[in-house]
Amino acid sequence: MPDDTRLLVGRTALITGAGHGIGAATARLFAQHGATVLVTDVDTEAAHLVVKEITDRGGSAEAHDLDVRDAGRVDAVVGEVLARHRVDVLVNNAGHWVRIPRDFADSRPDDWEALYRVNLWHVFALTHAFLPAMIDRGSGVIVNVASIEGLRGYPVDPVYGAFKAGLVQFTRSLGVQVAPKGVRVNAIGPDVTNTAQSDFARFDPPEWAERWPSWVPAGRVGTPEEQAGVILFLASDLASFVVGHTIPTDGGTGAAGGWYPSTKRPGRSWTNRPMDA
């Protein structure tokens, strides 16, 4: 790709949870567009594999072992990075359901804490660590990976939905606060995208494949690369006038509807893919 068409030449981007899925796809795409990519993940082996893939193709990347739930490890990685790099783009991608969802009435405080650490706390911690330098130099971009479940009701797990909604509101409020200082904050809200956490081909019976056109307006599941494309847009100067927004990257599911009561799926009271549609 010629230099004059690349969008992140000369910039350094740190991406959390970049060993797999959307984070890995974003790391590869950022490198193709000229960025030096700091690939962080709790799965150190996966992070190094992504780095090797990037460097084998002539890109620039390095791996960091980071469990975003661990305050000590966050502090250590931030120190390592700031000692060597100017972080121009921070992508807070890491997140997880943590556990098999249960009714809120049956949940426990340690469940809430686990969801908080991996879905919201680390976004606060990493943003707080890298934001001051961005403000000092008057430039920087932060992209948060929220979820469609932060933009609609999520009866399957209200606590997870609440933290993702919190991330959407954090994006909106911080985006407005720091835009006058030259820093842009935005987010994406993915849905029905094939990743290690939501591998529909592996989790769903094969006969369900033909039902996607009735479940998603786009008629299929999304790919990590499609999510990465929107993150690249938000990280680049193409989005220079976009502030505080969460872009739904959901194939149209948010616009078309939400969750529906399930009457024919034992053990599940709600579904976003009604079997009798």
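The values are calculated or read from the model by the stated rules, or taken from the named source; none is laboratory data. Computed from a prediction, not measured in an experiment: that's the story for all the values here. No Cβ is skipped: glycine too gets one built from the backbone with ideal geometry, and neighbour counts run over all protein chains shown.
Are any residues in region 128-159 within 14 Å of the chain's Cα centre (by Cα) and part of a helix (DSSP H, G or I), and if so, which ones?
ILE148, GLU149, GLY150 - these are the residues of region 128-159 that are within 14 Å of the chain's Cα centre (by Cα) and part of a helix (DSSP H, G or I).
Just to check your reading of the model, which residue among ALA196, ALA162, ALA209, ALA201 is on the phi < 0 side of the Ramachandran plot and touching a residue at least 60 places away in the same chain (Cβ under 8 Å)?
Only one candidate qualifies: ALA196.
I'd like to check something: does region 249-269 contain any residue that is under 30 Å from THR5 (Cα atoms), in a loop (DSSP other than H, G, I, E, B) and modelled with pLDDT of 90 or more?
So far as region 249-269 goes, yes, one or more of its residues are under 30 Å from THR5 (Cα atoms), in a loop (DSSP other than H, G, I, E, B) and modelled with pLDDT of 90 or more.
Would you point out the residue of region 36-53, among those that are of a type in the set (Val, Ile, Thr), within 21 Å of ARG6 (Cβ to Cβ) and in contact with a Ser or Thr (Cβ under 9 Å, 6 or more places away or on another chain), that is surrounded by the fewest Cβ atoms within 10 Å (Cβ to Cβ)?
Going through the qualifying residues, I end up with THR36.
What number goes with the only condition from (1) surrounded by 19 or more Cβ atoms within 10 Å (Cβ to Cβ); (2) touching a Ser or Thr at 6+ places or on another chain (Cβ under 8 Å); (3) of a type outside the set (A, V, I, L, M) that SER60 does not pass?
Among (1) surrounded by 19 or more Cβ atoms within 10 Å (Cβ to Cβ); (2) touching a Ser or Thr at 6+ places or on another chain (Cβ under 8 Å); (3) of a type outside the set (A, V, I, L, M), SER60 violates only (1).
Within region 81-117, track down each residue that is crowded, with 20+ Cβ neighbours inside 10 Å and within 26 Å of ALA133 (Cβ to Cβ).
Passing the criteria: VAL81, VAL87, ASP88, VAL89, LEU90, VAL91, ASN92, ASN93, ALA94, GLY95.
So which residues in region 9-32 are under 15 Å from GLU53 (Cβ atoms), touching a residue at least 60 places away in the same chain (Cβ under 8 Å) and not charged (D, E, K, R)?
ILE15, ALA18, HIS20, GLY21, GLY23, ALA24, ALA25, THR26, LEU29, PHE30, listed by residue number.
Which one of the conditions (1) under 16 Å from the mean Cα position of the chain (by Cα); (2) over 24 Å from MET134 (Cβ atoms); (3) aliphatic (A, V, I, L, M) does ILE15 fail to meet, given that it meets all the rest?
All conditions are met except number (2).
Check region 9-23 and report whether any residue there is under 23 Å from TRP121 (Cβ atoms), touching a His at 6+ places or on another chain (Cβ under 6 Å), surrounded by 15 or more Cβ atoms within 10 Å (Cβ to Cβ) and of a type outside the set (Lys, Arg).
Among the residues of region 9-23, not one is under 23 Å from TRP121 (Cβ atoms), touching a His at 6+ places or on another chain (Cβ under 6 Å), surrounded by 15 or more Cβ atoms within 10 Å (Cβ to Cβ) and of a type outside the set (Lys, Arg), which makes the answer no.
Select from region 50-101 the residues that are of a type in the set (S, T, N, Q) and touching a residue at least 60 places away in the same chain (Cβ under 8 Å) and write down the one among them that is nearest to GLY19 (Cα to Cα).
My answer is ASN93.
Name the residue that is surrounded by the most Cβ atoms within 10 Å (Cβ to Cβ), counting only residues in region 176-190 that are within 13 Å of the chain's Cα centre (by Cα) and of a type in the set (A, V, I, L, M).
Only one residue fits best here, namely ALA187.
Which members of region 179-200 meet the condition of being in contact with a strand residue (DSSP E or B) (Cβ under 8 Å, 6 or more places away or on another chain), among the β-branched types (Val, Ile, Thr) and in a loop (DSSP other than H, G, I, E, B)?
VAL192
Within region 154-161, is even one residue farther than 24 Å from ARG102 by Cβ, at pLDDT 95 or above and surrounded by 19 or more Cβ atoms within 10 Å (Cβ to Cβ)?
No, region 154-161 contains no residue that is farther than 24 Å from ARG102 by Cβ, at pLDDT 95 or above and surrounded by 19 or more Cβ atoms within 10 Å (Cβ to Cβ).
Which one of the conditions (1) β-branched (Val, Ile, Thr); (2) crowded, with 22+ Cβ neighbours inside 10 Å; (3) modelled with pLDDT under 95 does THR5 fail to meet, given that it meets all the rest?
The failed condition is (2).
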